[in-house]
Amino acid sequence: MEVTRKNFKESLPLISESIDKADFLVIDTEFTGLINGRDVSIFDSPQEYYTTLLNGSTEFLLIQYGLCAFYWNEKENQYMNDAYNFYLFPRGRPGPEKMFLCQSSSLDFLASQGFDFNKLIKEGISYMTEPTESRLRDNLTERQKSYSYAEKDAITIPDENKQQIEDICKKVRAFLDEKKLDEMEIDRCNAYIRRLLFQELGARFKNEVFIETKILENKSRVLKVTRITSKNEGIDRDAQKKVKEWEEFEDAVGFSKVARMISQSEKLVIGHNMLLDLIHTLNHFFQPLPTDYESFKEFAHCMFPRLLDTKYMSSLPPFKDKVNSSVLQHLLVTLSEPPFSLPKAESVEGRGYRHADDKHHEAGYDAYVTGLCFLAMHQHLARMRGDRLSRLPGPDCAALKPFLNKLFLARTAHQDSPYMNLSGADPTPSRDHVFHLTFPKDWQRSDISQLFSAFGPITVQFLDDVSALVALSRREQARLVARTFANNARISLVPYAKYKMLCAKAQQATTKRTHESPSAELTSSVNTSDLSRVRQGSVSERVQSPEKSRLRSNSVSSAPLPPPRKRRLLSSSGIFQIDDSESSPKKSELTRSDSDQSRTRPEAISNGRRKAEIEGEETRDAAKEKKEIDIERFDSEAKSNCVSAFKESNVWD
């Protein structure tokens, strides 16, 4: 069911009824963009993940909201669905003006899916946060108390406006004396003149006319003067004006009422890859998001105590090995085939969707599809447990407990940080196997691959032209890697923990300097001992400028390449492939060998070098490097170790 501001008021009782009778609710959203500025790193912790999204996503607009309520039909012994597809667009009056960002690729994608932007702007339902609603409600209450034309409130009419006001008053007097029409309009008046006319006409014709502002189709404003035939009618008109103002205010609150209905129901709320959906829902309809991560988790869990992410659910056993791609459309197809089965979930005509509708990327339909996927996975779990296949026993049942309140983190899922836990502790994977690498500017992927070829598969995420994050798949090799490259003059390798510490210090120094002297940032750079080491190569200074990202191709190799030309220490390589439709880390690569894949966590060793040591040992290092491991620049015919990549995608499924 499509809902716009034309039918929103009459649809509210139906929506409330659907929420009340539902066993569970499913949501999906569409935005004007995904991320502005630095994207999430594949090695980010859940806290860093949230901070990045908070800084880069909240200024985009939420423009379509899908809600699908699944309820049990006892007669048919199956689930039914009521689905709603809301167009959302915040309006400036009586609510506040809304400034927002747009991302061209996102709008282009929505347009290619048939999104109606004209309908969005003309008929989109308004919304606002609770603090804004409370403030505007108080303002309107106070304004209505002051509706009078008492002498003490009068504005002195400037001399240059007296004649204009007097002429209009004469026209109103003539309108009343003629008694031909019941109303007249006064146009070509700015806001100040209209205020003076409210004052003068109200004082001179207090019991004869009712004055109000009328908004025309072209959004221009005129004064509407209506004849009062009795004293009671004048009182009624004042009451009607106040009622109309409250109706306009309630219209401006708009969709926020639905979001709060969902919250107050405390029903199980399901989404697919739903972290962004949750962030925008809280930020646009409830309150601005806190910068503190733990406060966000508490806030989110308070508003929605039962959340389930089907993307996270499909990433765990027993689904993980059977689901090749967890993109929503791909997941639906997989769950339609053995050993799974897709349940029926029909709808009353005009109230929901059917599987055959095929309206992908319409928020309401995607919510419906997400609900079908959830039911299919739940039924599979029930069969494995020997439970009777029927109605969902409840959101707190044992089968669903492992998946509750854990939101999938698409970018970091392949690096042991697969979820954010809103009701408990987050995973804290070790990063002892991750290093910050600084290298010559002319290096390519193949050079880094060859550099680490003796240590097994690696994952690389470029930060800029001369630095990258490198993760070892054979984690027990971390200590050996640190020792091997400790005296290498062409590169610098810093453990991830130390790199993050130096970045934090640099950020604190920048913040402190900005507060002390706002102009200093334009004329000087941070001058600390830690950052001087960064400039010397321990950590690339350019890491703090993500906009200068290194342009690298992200392709997936279909066959292993021969081992490096000068190093033949590796066995034949395989490839770790990621589905190219998945939302995966940007600018990253993985090399894979058949060597031992043990996950023993090594002790991180700092391998930073002083500039004087590097200069003093250049000659000896050159000979030593030639003997131990070759990292010299190769010609165009040189062959490199097999490298595959997480392919970059602009869509978060």
For region 38-117 (alpha-carbon point model, no solvent) the Debye-based log₁₀ I(q)/I(0) at q = 0.13 Å⁻¹ works out to -0.72
Between the alpha carbon centres of region 199-268 and region 25-49 the gap in Å comes to 40
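Within region 74-226, what whole-number % of the accessible surface is contributed by carbon and sulfur, with the 1.4 Å probe and all protein chains included in the calculation? The partial results should precede the final answer.
On the way: 4560 of 9490 Å².
It is 48 percent, rounded to a whole number.
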Kirkwood radius from Cα pairs of region 155-256 plugged into Stokes-Einstein at 25 °C, 0.890 mPa s, gives D in µm²/s equal to 164
Sorted by accessible surface (1.4 Å probe, heavy atoms of the protein chains only), largest first, Ser341, Ser473 come out as Ser341, Ser473
GluC sites (Glu not before Pro) in region 61-164 lying in a DSSP loop, each with at most 10 other Cβ atoms within 10 Å of its Cβ, come to Glu74, Glu76, Glu97
Scattering profile of region 41-83 from the Debye formula, Cα beads only, expressed as log10 I(q)/I(0) at q = 0.18, 0.27 Å⁻¹, is -0.68, -0.92
With a 1.4 angstrom probe the carbon and sulfur portion of accessible area for region 388-463, in percent, totals 50
Taking the alpha-carbon centre of each part, the distance from region 53-88 to region 352-428 in Å is 14
Quick calc of log₁₀ I(q)/I(0), region 212-306, Debye, one scatterer on every Cα, no solvent, q values 0.11, 0.25 1/Å, result -0.57, -1.34
If unit charges are put on Cβ atoms (+1 for Lys and Arg, -1 for Asp and Glu) and the dipole of region 265-391 is taken about its Cα centre, the option from Leu332, His284, His360 lying farthest towards the positive end turns out to be Leu332
Placing each pseudo-label 7 Å from Cα in the direction of the beta carbon, Ile157 and Arg260 end up separated by a distance in nanometres of 4.3
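How much length is gained if the chain between Glu217 and Met99 is pulled fully straight, taking 0.36 nm per residue apart and subtracting their Cα-Cα distance, in nm to one decimal? Intermediate values should be presented prior to the final figure.
Working: separation 118, 0.36 × 118 = 42.48 nm, distance 2.34 nm.
Full extension of this stretch gives 40.1 nm more.
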Once all protein chains are kept in place, Leu381 shows an accessible area at probe 1.4 Å, nearest 10 Å², of 20
Shape descriptors of region 440-508 over alpha-carbon atoms, Rg and Dmax in angstrom, are 12.5, 38
Magnitude of the Cβ-charge dipole (Lys and Arg +1, Asp and Glu -1) of region 21-105 about the Cα centre, nearest 20 debye, reported as 380
From highest to lowest solvent-accessible area (probe 1.4 Å; ligands, DNA and RNA excluded), Lys21, Lys320 read Lys320, Lys21
Ratio for region 282-362, C-alpha Rg to 2.2 N^0.38 Å, reads 1.48
Percent relative contact order for region 422-518, counting Cα pairs under 8 Å at least six residues apart, stands at 34
Here the tail fraction of P(r) beyond 22 Å, over all Cα-Cα pairs of region 1-81, rounds in percent to 50
In this structure, the FRET efficiency calculated for Asp416 and Asp138 from their beta-carbon separation, with R0 = 51 Å, to the nearest 0.05, is 0.55
Relative contact order as a percentage, region 72-137, C-alpha pairs under 8 Å and 6+ apart, gives 43
Magnitude of the Cβ-charge dipole (Lys and Arg +1, Asp and Glu -1) of region 249-338 about the Cα centre, nearest 20 debye, reported as 220
Sorted list, accessible surface of protein heavy atoms, 1.4 Å probe, largest first, for Leu54, Leu307 is Leu54, Leu307
Computed over region 200-297, protein heavy atoms only, probe 1.4 angstrom, the accessible area per residue in square angstrom equals 45
Across 10 Å bins beginning at 0, the whole-percent shares of Cα-Cα pair distances in region 175-233 come to 22, 52, 24, 2
Averaged over all viewing directions, the convex hull of the alpha carbons in region 72-162 casts a projected area in nm² of 13.7
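The values are calculated or read from the model by the stated rules, or taken from the named source; none is laboratory data. Fair warning: this is a prediction, and the values are worked out from it, not measured in the lab. Please note: Cβ atoms are built from the backbone with ideal geometry, for glycine as well, and neighbour counts cover all protein chains shown. Remember, those area values only see protein heavy atoms, side chains included, never the ligands or the DNA or RNA. Shrake-Rupley method; radii C 1.70, N 1.55, O 1.52, S 1.80 Å.
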